[in-house]
2 protein chains.
Amino acid sequence: MPAPEEEFVVTPYEVKGKIDYTRLRELFGAQELTPELLARLHHLAGGELHPLLARGIYYSQRDLASLLDDYAHGRPFFLYSGRGPSGPLHMSHLIQFDLCLWFQKRLGVPMYIQITDDEKYWARAGLTREETAQWGMENLYDILALGFDPKRTHTFFDSKSIAALYPLAIRVARKINYSNVKAVFGFGPSTNIGLVFYTALQSVPSFWPSWAENRSVPCLIPCGIDQDPHFRLTRDVAEGLGFPKPALLHSQMVPGLLGEGVMSTSGSRADDALFLSDESWVVDRKLRNAFTGGRATVEEQRRLGAVPEICSIWALWRTRFAPTEAEFNEITRTCRSGELLCGDCKARLIERVHSFYEEHARQREKVKDWAESTIVTVPPKPL
Amino acid sequence: MPAPEEEFVVTPYEVKGKIDYTRLRELFGAQELTPELLARLHHLAGGELHPLLARGIYYSQRDLASLLDDYAHGRPFFLYSGRGPSGPLHMSHLIQFDLCLWFQKRLGVPMYIQITDDEKYWARAGLTREETAQWGMENLYDILALGFDPKRTHTFFDSKSIAALYPLAIRVARKINYSNVKAVFGFGPSTNIGLVFYTALQSVPSFWPSWAENRSVPCLIPCGIDQDPHFRLTRDVAEGLGFPKPALLHSQMVPGLLGEGVMSTSGSRADDALFLSDESWVVDRKLRNAFTGGRATVEEQRRLGAVPEICSIWALWRTRFAPTEAEFNEITRTCRSGELLCGDCKARLIERVHSFYEEHARQREKVKDWAESTIVTVPPKPL
């Protein structure tokens, strides 16, 4: 939803300005992810909370309470998240999949991944079909390599899964009109008709298990809050189609390494994003050059401490690379106190990132054997 | 294209008012089907012309001359026409398929039929998906039963063929924006996003053989002139995608039996259309009650003659039921002279319609064995 009087704009197709996340949640009409809800998640997961939840990166939600009520009454949910394959994955993209993986490992729930190679072709004039299809497979390997269970993970790769998605997309599309997508996405006369249609396909996975099994199966969608508009439409049409509204968990986006706005591959700020595809020396260069909350001199930093809240390195510790609260709190504390200098902090993070990349590369080779087999190509019913 | 200052409106989704066909052709920017072009078709077909061509029902075209040039130089074309399955076929729907069949029988060219069960669901709020899918198969049986060659006839049944159509539809859709479809179809804010997207899918069959065979294969689309807007868009995007522009042959629509406007199933004028599904006694009733160009009394008609141009019965002789020019001219002459009275003319037509329906029902049973096998479900290439 563009917010013309605000200093920022957030839609699935544009993120601009300095985002006030609380204000954005209010603008979108979403609810707070309260301490009470976090406590329920903590309990559900057997007494732990994923760092992305514990540290407030997921901060907003829709209908999470009723999803948890359902779960408590023996009606498990499934997970759905997706990726628009316009290039390699960067750290901000992992936020949703890391949380999905945590839910899958803790609760054994099924995961549905959507790879929107059609949408990205429609959204980015500079990309060829070959590119979005190729990135789609590369991205899928990267996602699965995080540790998803081959037996419980299903992929809708739009161009390969269209026969499976389309019967339900036809029904969804009749319930959404041009003025809906214009209002929600800010589309205009020059928007191509593929993009206008697209949200119908993005709604389908939310309903898939309910459709396939002829019963109401709750859905949880962890996503960047910029994707909320898609799912507002999905939620609006759900009940008219006889399906439950998907619940949402909204995350903030990871700040870019250059210290301006969110980590992004759009535009020309190549060094702003840390990509999974980056070679080791590129990781080093990007992180060494990354914007921090440090002071002008070592002396000043020792005296005043640094400012983690504005630091792109701290953001990476926060979202992914400090697995325990103890370590994360220690990093934050020593940063703020001036004990931890930026150079040392970066060197430590670089090492941690390298370990992750090495392990990820190993896992990635393994998933290539079975990634294709997760792709759904057949609808559960003809209409 | 809506023509606000005209007394009629013709789009694929609305036909209203008394159509001035010459003016409509000019508004659409199409060319006349000239005597010279008809002579070339006559020659091509080995010295005959289909009645729909000879009698001016097909009256407008785009790029027919270059299609015939190609044919003369050893580059045969293929045929493409379609049907939006909102109910049973009526006589106006046969105009395109009768001409396609004639081309296929004379020249042995391939025929591609598109059954748009998704589009009709989007265009008609009163229809269920089950209905458009069911009508799709019923309509396909009726079309194939006209005499199409199973070996040379292929069907795109949208909901069943989507995996085959979608890879190319993705490319088409990026080239058409909302303002294009708004201008061409008169779409507005309340148009659903399925219908906005639809024209991308309707373009695909025009390009299919060229796409599949990696060479330029000319396409001829016989269609009601109300469908021209779809194919204007198709023609606009063709060259940018590396395909030849399809040539078009435009027909007028058959007048309704009630004597007002074109034969139509929309609205509540059930007896306006003669359906292939009508039982024998219904055919009798509809034709006996049909509006004619006759006079108030027999005496007056004998004296003044009748007016074939406004007669719905004469329109049926003209478009389908008088196979030879000799018979058609005799009917027209004796109608005009007062020799042929409406009751006798109707009785003769009713008999002719019954024979056709009986033969058609026999053929229809036979095509059920192979209709499904004409449906294309696999794309020729993945992207």
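Against the condition more than 14 Å from chain B (Cβ to nearest Cβ), among the small types (Gly, Ala, Ser) and assigned to a loop (DSSP other than H, G, I, E, B), how does A:Ala238 come out, does it pass? In short, no.
When segment B:262-277 is limited to residues that are surrounded by fewer than 18 Cβ atoms within 10 Å (Cβ to Cβ) and in a helix (DSSP H, G or I), the one that is modelled with the highest pLDDT turns out to be B:Asp271. Filtering segment A:32-50 to residues that are outside any helix (DSSP H, G or I) and in contact with a helix residue (DSSP H, G or I) (Cβ under 8 Å, 6 or more places away or on another chain) leaves A:Glu32, A:Leu33, A:Ala45, A:Gly46, A:Glu48, A:Leu49, A:His50. Taken as a whole, the structure places B:Leu233 among residues that are crowded, with 21+ Cβ neighbours inside 10 Å, at pLDDT below 95, touching a helix residue (DSSP H, G or I) at 6+ places or on another chain (Cβ under 7 Å) and within 14 Å of chain A (Cβ to nearest Cβ). Scanning segment B:182-221 for residues that are more than 12 Å from chain A (Cβ to nearest Cβ), within 28 Å of A:Tyr178 (Cα to Cα) and not hydroxyl-bearing (Ser, Thr, Tyr) turns up B:Gly186, B:Val204, B:Pro205, B:Phe207. The sole residue among A:Leu37, A:Leu24, A:Leu67 that is modelled with pLDDT of 95 or more and either crowded, with 20+ Cβ neighbours inside 10 Å or under 16 Å from the mean Cα position of the chain (by Cα) (or both) is A:Leu67. Residues that are part of a helix (DSSP H, G or I) and either surrounded by fewer than 21 Cβ atoms within 10 Å (Cβ to Cβ) or in contact (Cβ under 8 Å) with a residue 60 or more places away in the chain (or both) within segment A:188-203 comprise A:Gly194, A:Leu195, A:Tyr198, A:Leu201, A:Gln202, listed in sequence order. What about B:Phe185, is it out of contact with any His (no Cβ under 7 Å at 6 or more places or on another chain), buried (at least 21 other Cβ atoms within 10 Å of the Cβ), modelled with pLDDT under 95 and closer than 20 Å to B:Ser203 by Cβ? Yes.
Does A:Gly126 qualify as being more than 10 Å from chain B (Cβ to nearest Cβ), farther than 28 Å from A:Asp236 by Cα and more than 20 Å from the chain's Cα centre (by Cα)? Judged against the criteria, A:Gly126 is a match. Is it the case that segment B:135-142 has a residue that's under 22 Å from A:Val378 (Cα atoms) and either free of Cβ contacts under 8 Å to residues at least 60 places away in the same chain or surrounded by fewer than 22 Cβ atoms within 10 Å (Cβ to Cβ) (or both)? Within segment B:135-142, one or more residues are under 22 Å from A:Val378 (Cα atoms) and either free of Cβ contacts under 8 Å to residues at least 60 places away in the same chain or surrounded by fewer than 22 Cβ atoms within 10 Å (Cβ to Cβ) (or both).
Within segment B:244-261, none of the residues are outside any loop (DSSP other than H, G, I, E, B), surrounded by fewer than 13 Cβ atoms within 10 Å (Cβ to Cβ) and not small (Gly, Ala, Ser).
Count of segment B:145-170 residues, restricted to those that are surrounded by 23 or more Cβ atoms within 10 Å (Cβ to Cβ) and touching a Lys or Arg at 6+ places or on another chain (Cβ under 8 Å), is 1.
When segment A:294-319 is filtered for residues that are buried (at least 20 other Cβ atoms within 10 Å of the Cβ), out of contact with any Ser or Thr (no Cβ under 6 Å at 6 or more places or on another chain) and either among the charged types (D, E, K, R) or more than 13 Å from A:Glu339 (Cα to Cα) (or both), the ones remaining, listed by number, are A:Ser312, A:Trp314, A:Ala315, A:Leu316, A:Trp317, A:Arg318, A:Thr319.
Just one of the listed residues (A:Asp118, A:Asp158, A:Asp142) is modelled with pLDDT of 95 or more and more than 14 Å from every other protein chain (Cβ to nearest Cβ), and it is A:Asp142. Among the conditions (1) closer than 27 Å to A:Val237 by Cβ; (2) more than 13 Å from chain B (Cβ to nearest Cβ), A:Val172 misses just one, which is (2). Here B:Ser216, B:Ser206, B:Ser210 are screened, and the one residue that is within 25 Å of B:Ser60 (Cβ to Cβ), part of a helix (DSSP H, G or I) and more than 21 Å from the chain's Cα centre (by Cα) is B:Ser210.
The values are calculated or read from the model by the stated rules, or taken from the named source; none is laboratory data. Everything numeric here is computed off the predicted structure, so don't read it as measured data. Note that we place each Cβ from the backbone using ideal geometry, even for glycine, and neighbour counts take in every protein chain shown.
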